[in-house]
Amino acid sequence: MRRRKDCYRWNIRRQRETTSKAPTVIKLLNVKPVNANMLELGFSDHTQGVFNGAAYISTRQGPLLEALRDPAYFGRCFVDAGALCWPNGLELSGTRLHELVNAAQMA
């Protein structure tokens, strides 16, 4: 019985050593409007990129997105708790924005 416990502990210890670390949460640190629907973004992993809001909005629908079609309103964005936010309550996570920016740079 004791031997089985030791094997169990060894297996648990081994699993902890071999499993990869949890993915890093990327937060949005700053935002700067570039033009009507383009935003320059800075992330917590020290990368930067440009987010094309017009392309993002054109492929999605919803009541919160309608206000963003106005360039003046789109420019009212701000950063809150690592996310890109607008006064109407719409939030885009830093991680999702990072994915979108990287996908655009790869294309």
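Coordinate-derived values only; no laboratory data. Every value quoted in this text rests on a predicted model; they were computed, and no experiment measured them.
Points worth noting:
- Part-to-part distance (alpha-carbon centres) for region 72-107 and region 31-55, which is given in Å: 8
- Kirkwood analysis of the Cα pair distances in region 57-99 returns a hydrodynamic radius of 10.8 Å.
- Note that region 86-93 has calculated 3J(HN,Hα) couplings of 10, x, 7, x, 5, 10, 10, 5 Hz, one per residue in order, obtained from phi through the Karplus relation 6.51 cos²θ - 1.76 cosθ + 1.60 (θ = phi - 60°); glycine and proline are x.
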